[in-house]
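Chemist: Here it is, the structure in full.
The values are calculated or read from the model by the stated rules, or taken from the named source; none is laboratory data. The structure displayed is predicted, hence computed values, not measured ones. So basically every Cβ, Gly included, is an ideal-geometry build from the backbone, and we count neighbours across all protein chains shown. To get the accessible areas, we keep the full protein, side chains included, count just its heavy atoms, and leave off ligands, DNA and RNA. Shrake-Rupley method; radii C 1.70, N 1.55, O 1.52, S 1.80 Å.
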Amino acid sequence: MSSLAGKLGIVFGVANKRSIAWAIAQAWSKAGARLAFTYQGERLKENVEELAGTFGPDTLLMPCDVTKDEDIARVFAEVGQKFGRLDLLLHSVAFAPKDALEGEFVNTTREAFRVAHDVSAYSLVALARGAAPLMTNGGSIVAMSYYGAVKVVPHYNVMGVAKAALEASTRYLAYDLGTKKIRVNCISAGPVNTLAARGIAGFSEMLKHYEAHAPLKRNVLPEELGATGTFLASDGAAAITGQVLYVDCGYEVMGM
Ligand code: 0WE
């Protein structure tokens, strides 16, 4: 039997076909899950409509700005109506103002710091709180992180601090929601060429650096993030919560 047969999930963070959220959604779907999607703003609506539509014309699709409590409330009300229950949630959402990812961290403005943390870290707490009452048979919440949460990656700057908050939030959520059999974990992915990575100065050099230095001498593939996301969502990971799982071809273990 498929590992996610009969499970109901919601995916936050699909922007286009290269999104990590889309890779994990496809893997969840292939493993038997039925999925709902949200999109951020009219700009991304058509993209996500087309992608979500590949799972059937009746795929639940809703707008959601994760910085708006009303949007989050509406999304979970609709999921409650249409699904009646929820098993899986993917958080693959991050944003920091572009300026904050270019100069020095020391120059991060109060507003850029606030926005980065609101969109990239607090949103996990808000979504977990919205999802928990629907996860009546327990559940699995998966969020995406990056090594810049733990070590300095030049220019990752305030996003690194926000990912540190996301990883710590994962642990506190795991503790609170553990009593309801809801697990909360992060996947810390090696760099992937997505819309969010494009336009980042030096990104292709970063991919080459990982290829040269990671034990596996290559970069992670989106479908490998899908496979890990499927494992964490499955009952095979029933005793795993509060963890950050590195899916980075081993890069994280290197000291030099
Ligand atoms: O988490 C990320 C990127 C998230 C991200 C990307 C952007 C680009 C466009 C957040 N906010 C924005 N804001 C924008 O205006 N990654 C793990 C990919 C990434 O981003 C970097 C990296 C890596 C790796 C930025 C600098 C250095 C390394």
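Chemist: What are the residue pairs meeting all of these: first residue in segment 155-172, first residue closer than 17 Å to ILE141 by Cα and open to solvent by 40 Å² or more (accessible area, probe 1.4 Å), second residue more than 10 Å from the ligand (Cβ to nearest atom) and in a loop (DSSP other than H, G, I, E, B), Cβ atoms under 7 Å, and 6 or more apart or on different chains?
Modeler: Final answer for the pair search is ARG171/GLY242.
Chemist: Identify all residues within segment 79-96 that are of a type outside the set (Phe, Trp, Tyr) and within 21 Å of the chain's Cα centre (by Cα); write none if there are none.
Modeler: Result: VAL79, ARG85, LEU86, ASP87, LEU88, LEU89, LEU90, HIS91, SER92, VAL93, ALA94, ALA96.
Chemist: Hey, can you tell me all the residues within segment 199-228 that are more than 19 Å from SER188 (Cβ to Cβ) and either within 14 Å of the ligand (Cβ to nearest atom) or touching a residue at least 60 places away in the same chain (Cβ under 8 Å) (or both)?
Modeler: GLY199, ALA201, GLY202, SER204, GLU205, LYS208 - these are the residues of segment 199-228 that are more than 19 Å from SER188 (Cβ to Cβ) and either within 14 Å of the ligand (Cβ to nearest atom) or touching a residue at least 60 places away in the same chain (Cβ under 8 Å) (or both).
Chemist: Of the residues ALA212, ALA237, ALA233, only one is surrounded by fewer than 19 Cβ atoms within 10 Å (Cβ to Cβ) and modelled with pLDDT of 95 or more; which?
Modeler: Unique residue meeting the criteria: ALA212.
Chemist: Still on this model: Quick one: which helices (runs of 4 or more DSSP H) sit completely within segment 18-114 and have at least 2 residues that are open to solvent by 30 Å² or more (accessible area, probe 1.4 Å) and either among the small types (Gly, Ala, Ser) or in contact with a helix residue (DSSP H, G or I) (Cβ under 8 Å, 6 or more places away or on another chain) (or both)?
Modeler: Fully inside segment 18-114 and qualifying: 20-30, 69-82.
Chemist: Here are the criteria: (1) in a helix (DSSP H, G or I); (2) in contact (Cβ under 8 Å) with a residue 12 or more places away in the chain; (3) more than 9 Å from the ligand (Cβ to nearest atom); (4) more than 21 Å from ASP71 (Cβ to Cβ). Tell me which single one ASP118 does not satisfy.
Modeler: Evaluating ASP118 over (1) in a helix (DSSP H, G or I); (2) in contact (Cβ under 8 Å) with a residue 12 or more places away in the chain; (3) more than 9 Å from the ligand (Cβ to nearest atom); (4) more than 21 Å from ASP71 (Cβ to Cβ) leaves (4) as the failure.
Chemist: Moving on. Any residue in segment 179-193 that is open to solvent by 10 Å² or more (accessible area, probe 1.4 Å) sitting within a Cβ distance under 6 Å of a residue that is of a type in the set (S, T, N, Q)? List the pairs, counting only those 6 or more apart or interchain.
Modeler: These pairs meet every condition: ARG183/SER140; ARG183/THR241.
Chemist: Please state which one of ASN157, ASN193, ASN185 is over 24 Å from LEU8 (Cβ atoms) and modelled with pLDDT of 95 or more.
Modeler: On inspection, the qualifying residue turns out to be ASN157.
Chemist: Separate question: So if I check each of TYR251, TYR147, which one is over 30 Å from LEU8 (Cα atoms), within 12 Å of the ligand (Cβ to nearest atom) and among the aromatic types (Phe, Trp, Tyr)?
Modeler: TYR251
Chemist: Inspect segment 76-87 for any residue being under 22 Å from VAL184 (Cα atoms) and in contact with a Lys or Arg (Cβ under 7 Å, 6 or more places away or on another chain) and give the result as yes or no.
Modeler: yes
Chemist: What are the residues in segment 1-17 that are surrounded by 15 or more Cβ atoms within 10 Å (Cβ to Cβ) and closer than 22 Å to GLY80 by Cβ, if any?
Modeler: Scanning segment 1-17 gives LEU4, LYS7, LEU8, GLY9, ILE10, VAL11, PHE12, GLY13, VAL14.
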